[in-house]
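None of the figures in this text is laboratory data; all of them are computed from the coordinates on show. Keep in mind the model is a prediction, meaning the values are calculated, not measured. Backbone-built Cβ (ideal geometry, glycine too); neighbour counts: all protein chains shown.
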Amino acid sequence: MKSAKPRYFTGGAANETGSVKKVEATRGESTSEGAISAIRPKDEATGAAPPFPQKKRPRSDPADDPFIGDAPISEEKLKKYDMGAKNLRPATAKTKLAQKKFERRKEKMLERCKQAARAEILLSEEQGFLEPENGELTHHVRQREIASAVDISSATKHFDLDLAKFGPYRVDYTRNGRHLLIGGKRGHVAAFDWMTKRLHCETNVMEGVRDVQWLHVETMFAVAQKKWTYIYDNAGVELHCLKQLNDIKRLEFLPYHFLLAAGSNTSYLHWLDVSIGKIVTSFPTKLGPLDVMTQNPSNAIIHCGHPNGVVTLWSPNVKEPLVRMLAHSSGIRGVAVDQTGTYMATTGMDRKLRIWDVRQFKQVHAYKLPLGLSHVTFSQRKVLACAVGNTVQIFKDAHVGLAEAPYLVHQCTGTVTDLRFSPFEDVLGVGHQNGFTSLIVPGAGEPNLDALEANPYQSKRQRREHEVKALLDKIQPELITLEADDIAKVNTEALEAELERKAKVLYLKPEKIDYTPRHRMKGKSSAAKKEHRKQGVFEKHRKVANQERREVEKEFFGQKKAEADKPKSVLDRFKRKDV
Amino acid sequence: MKVKVLCRNPDDYLRETKHDIHKVPRNYSADQHPFQEAREYVRALNATKLERVFAKPFVASLDGHRDGVHRLAKHPLRLSTVISGSYDGEIRIWDLPSRKCLTTIPAHTGFVRGLCVDPESGTSLISVGDDCQIKQWRLPDPIGGNLDEPIHSIALKSQPHDVTHHWKKSQFATCGEGVDIWEHQRNSPIRTFDWGVDTVHTIRYNPIEPDILLAAASDRSLILYDSRGQSPLRKVTLKLRSNAVAWNPMEAYSFTVANEDYNLYTFDMRNLISPRNVHMDHTEAVMAVDYSPTGREFVTGSYDKSIRIFPCDRGHSREVYHTKRMQRVMTVMWSMDDKFVLSGSDEMNVRVWKGHASEKLGTLRPREERAMRYAEKLKEKFNEHPEVKRIVRHRHVPKHIYNAKKEHRTIRESQKRKEANRRAHSAPGTVPFVAERDKHVIGEDQDEDTVAPVGECCVPPLSPPVTESGAARRRPAGRGSHARRRPLNDGAVKRTDGRLDEGTAVALKSTAAATGWPAAPPAGRLATSGRTSASAAALCTPPPPPAFRSTRPDDRRRVDLVTRQGRSSVAAAAAIDSCRSVGAARPLSTDHRHSCSSSAAATPPLSLRRRRRRRRRPVCRHICRHCLALARSLTAAAAAAVLAGVRSVVAAANRTGGGPMKRGARAIGRVPSSRIVGRQWRGSGEIGCD
């Protein structure tokens, strides 16, 4: 193993890239020189100096060009960036003008796909991996072996924090993966930049800590304490005490909505808007303590696991679960949803790890794992980590059913109580009974980051600007639906609901009106007059109802046709009316 | 075993010095950008809100005029120069960047009726005024020196109403009693056109096909001329008069007219029978219209004290501008750089507005511009979402506009309902659907016989041929288009079911009595009210019944003669008189709440209190359909006759035109106080309604 020299050793990357840069620079100079020299002879020939040194591209003969036209893009790549442009059918537009406009738009969208696919060449980083050779097994590789094989800076990503006094620990990384927050059950809370190991703050809140959660920036975090939930800044100063969030077991932060979702011990689900500090919704799920909870990062739906083996999906807009699925025959221990919102992993007391397609709510794969199976989490690249007692088992390609053996295994010193992958890094943070362990999991993190979404290298000013922009783009909680792009679709449901409501009008009993005429003086409240007034009101209501009913009838059944053509007989009155 | 762990070199992600820009690596994979649609929606919503927040359209007010501003003219070659003319005959030349008046020219006595700049050289200005003068002024660059003396001035016999300059040649056209084409430095018109109309009150040269002219006349018609030809080309008559016309500077064949019926109509010159678009939103007569240089939008000014901006292919305005102090807008102008809109109104100010209310003035930095374009695109993407739509559409308008709009909506709905009911209870197909744009045009006339040869002062022939061929380009017969089928000079007010209109029948009877013609026996039931019959009589004085007309062509000719020569005034007065007796004899029917312009004279005397009460009642502030029915069936000849008649009754009414028809011109012989603008009543006393 040790002899396996890392071929993709990245420690020297700095020098390498530096040298690459140099080469580029020299190349750039030479081309410009070439351009000038190409012009000069001409000038000498004419004898007149041009007013400005004009850059002229040497025109290449198209016949000489071995690669005519644009470089080809593979279909696969195009498909990756296609958001449905290919399925557009301009022919369906009604008028020719609309068709043309539609066509032009489709062309633009296809062009966008192409451009995005071409821009892939600019992605500089490549994912990590662990490649076995002839019969080696990856799960035999220990963390210290990996650490010793990789470069120094990567090696520092594996570390252990021995905090046996305050455990067990909950863990959270910021969205850019730069900062780490740990909270021990005995009140120990610490926030630090885990890459440089620079400590932001470390306090003991002198109360039980059940969960910790970063908010939208690394200057604020929420801690669910035994009684209430608190918000601290990165110096450990208490900013807010959220008394509405009491007895909270789990916290989740929805970054695009600025919502802090909290599941309580008393089965309450709360959504708190952290930008205005107000509770958005709060209702009881009536399904017991909510200690298994996660969010779907692609649609901001909260997934909860319950002791009866049911997983429920919640949005702040509906007080009933959107979906209730029986996932296991015994209690649920862990739920995780991958970044794209395609797969959900659940673990249960029945020692099963099940992978679900969340879009269809169907199980795609199931694995049997050893006893003690509890927490589960997905990485950005869909690497799955499971806690089994005090070991962590990591699976690759579990979502496609190819995980026959674990990818990596690591044994911690105590029972594992929390698992989080660090975004944009090959690192898994494990909170356990005796502290925190950071594991290197090659191939777990997304190699190429988008600095406008999450930037681990952002400066203070960038962070502030990002915060303002994010606040401007804050999505209202009303837009949380099972399908995140519902807002861009035609609202057929509303129309259907309206039709349904109308259809119901036909079969509704007339509404009962409770009306007692007011007593009036001067003989205006005799029984007859009162009754008269009452009937007037009833009549008015009846008229309105009948009007609506008639309209609906007309809409549904059309104009009533004249009775059959045959002449009406006097005996017709004895016919059954309802036939 | 091979291993690779993600390890980024910070140098690739951090800028080297703080003078560099930050490095921003991008990854366009969809997984990295969740909630794309929802975030775009939020951005679109924010952009829409910000647009409303930044909508501060008012830029400046150019004050200095000592009377209401009647005309604005742009300089075709200089962006910053604007010329305005007012009711007191003063012309002012403004410099827009400094918002200063460069010079003041006491040009005319009375109104400045028209202003135009010679687009070729840009150094001369032509103005026409109520003092029957065409004056040409120097317009040096920069403006300076003594400009008080005109270079050239021509005295006219009659009052000119507008002037427009040819875009290529040194020609200009004036209108008034007919249309005259003038050459610079000549004292007599090189050409004169007439088409049996008494007043042509606005005229414009086409900027692309430079010899084509469009004019609006007070007989409610729009006339196309070719300045090279000898005769007017085509003429189309609308239901009400058009106050202003504007050519689309980008499409040679399309133009927009501002109409008295609160609407604007965009026509295609090639198909005049139905306008391409009807633009509704104003709540009173539209007085002015001008296109943006892009040809995509136009600005309108109205008697309802507001300015609106319409996209030329939309039926409703995208923008409305108003201020507390702005009074009736008489003229508008869109600046040549497409950025500003100018308006001149009754209360002596020229106002400068932005063409796009929320647009940032000045140059934009590239990032700013990109952000704006992005926001624009987002708004476009989500413009159908109810919330976005609501914010985009929301405008605060003054109470009178708000209420009037509400009222018009109610009226339109009730008309629609009525029509639907009628349709539901009639035999299928008998009450056809008529498109909105087909409702406002009465018919097109293409009659070359009426036209005089070049250089002659036209006298229309006594009897224009009223043949079916003369009424060419009519729509196919249909019950809804009966008014259109009838030739314009055809006089009878006839319902398609063969019966005469009730009021008309009485009118005919009385007319017959007045003129000594035998009246045809009215076929319909004659339950009339004095008011309607009187108005009908006034409106329809000469027309004999069809049977009569067909048998006695001489009499028809006499009618035409009477109308053409304006001698019908006596007949009309007599008719009104006789109607008055008819009306007085019958009880006043209360369901006819409208009153036509001439009906007030014929109304049996009511107690003053009752009159006032009726006026306060919120009925028929729109174009009353009773009147429309009458107007529709009116002929040009009859209208002229009425005009003449009305004129004889109303001594005060002059033929200046130009002002909007005050609805109703309520009491004839009594000038409504709101109409008295300085010196005279600018009313034309035409067919109007209350």
### Summary
For the residue B:365, residue B:46 Cβ pair and Förster radius 22 Å, calculated FRET efficiency rounded to 0.05 is 0.65
### Query
For A:122, B:115, A:371, what ranking results if the residue with the fewest other Cβ atoms within 10 Å of its Cβ goes first?
A:371, A:122, B:115
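Counting only other chains, what is the mean number of Cβ atoms within 10 angstrom of the Cβ of each residue in peptide A:447-457?
Numbers: counts 3, 8, 6, 9, 7, 6, 5, 1, 5, 3, 9.
Whole-number average of other-chain Cβ neighbours for A:447-457 is 6.
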#### Entry: Selection from A:201, A:346, A:456, by position along the positive dipole direction of chain A (Cβ)
A:346
### Task
Could you sort A:269-276, B:219-226 so that the peptide with the highest average Cβ count within 10 Å comes first and the rest follow in order?
B:219-226, A:269-276
### Task
Evaluate the distance, in nm, between pseudo-label points positioned 7 Å from the Cα of residue A:65 and of residue A:106 along their respective Cα→Cβ axes.
2.8 nm
### Summary
For B:202, B:192, ascending order of other Cβ atoms within 10 Å (fewest first) is B:192, B:202
### Summary
Stretched fully, the stretch from residue B:80 through residue B:187 gains (0.36 nm per residue minus C-alpha distance, one decimal, in nm) 35.3 nm
### Task
Please give the average number of partner chain Cβ atoms lying within 10 Å of the Cβ of each residue in A:478-486, rounded to a whole number.
3
### Options A:419, A:401, A:433, ranked by Cα towards positive dipole end of the stretch A:358-455, top entry (Cβ charges)
A:401
### Query
residue A:352: which lysines have alpha carbons under 23 Å from its alpha carbon, excluding same-chain residues fewer than 8 sequence positions away?
A:362, A:368, A:382, A:396
#### Entry: Förster radius 45 Å - calculated FRET efficiency between residue B:425 and residue A:469, Cβ distance, rounded to 0.05
0.15
## Note on the structure
Restricting to lysines and to Cα separations under 21 Å from residue B:399, and discarding same-chain partners fewer than 8 apart, the set is B:56, B:305, B:324, B:662
### Query
Helix A:13-46: angle to the longest alpha-carbon principal axis of chain A, degrees 0 to 90, nearest 10?
80 degrees
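With a 10 Å radius around each residue's Cβ, average the other Cβ atoms per peptide and rank B:94-101, A:90-97, highest first.
Numbers: B:94-101: 14.5, A:90-97: 9.9.
Listed from highest to lowest mean packing, they are B:94-101, A:90-97.
Give the peptides A:133-143, A:318-328 in descending order of average Cβ contacts within 10 Å, highest first. All intermediate terms of the calculation are to be shown ahead of the outcome.
Details: A:133-143: 13.0, A:318-328: 15.2.
Packing order, densest peptide first, comes out as A:318-328, A:133-143.
Work out how much length residue A:573 to residue A:276 would gain on full extension: take 0.36 nm times their residue separation and subtract the Cα-Cα distance, in nm to one decimal.
Numbers: separation 297, 0.36 × 297 = 106.92 nm, distance 7.05 nm.
Taking 0.36 nm per residue and subtracting the Cα distance, the gain is 99.9 nm.
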### Task
Neighbouring Cβ atoms within 10 Å as the yardstick, rank B:394, B:408 fewest first.
B:394, B:408
### Summary
For chain A, the longest principal axis of the Cα atoms and the Cα long axis of helix A:527-557 enclose an angle in degrees, to the nearest 10, of 50 degrees
#### Entry: Dipole of chain A, positive end: most advanced residue of A:443, A:336, A:169 [Cβ charges, Cα centre]
A:336
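Once you have the alpha carbon radius of gyration of the stretch A:416-563, what is it after dividing by 2.2 N^0.38 Å, with N set to its residue count? If you can, show how the numbers build up before the last one.
Working: Rg = 32.7 Å, N = 148, 2.2 N^0.38 = 14.7 Å.
The value comes to 2.22.
FRET efficiency for residue B:252 and residue B:313, Cβ-Cβ distance as r, R0 = 22 Å, nearest 0.05? Let's see the in-between values first.
Values: r = 17 Å, r/R0 = 0.75.
About 0.85, to the nearest 0.05.
Tally Lys and Arg at +1 and Asp and Glu at -1 over the other residues with C-beta under 15 Å from the C-beta of residue A:368: what net charge comes out?
Numbers: positive: A:333, A:351, A:352, A:354; negative: A:350, A:404.
Net charge in that neighbourhood comes out at +2.
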### Message
As I understand it, the value is the acute angle between the Cα axis of helix A:460-472 and the longest principal axis of the Cα atoms of chain A; what does it come to in degrees, rounded to 10?
### Response
20 degrees
### Message
Please give the Cα centre distance for the stretch A:461-504 versus the stretch A:321-340, rounded to the nearest Å.
### Response
24 Å
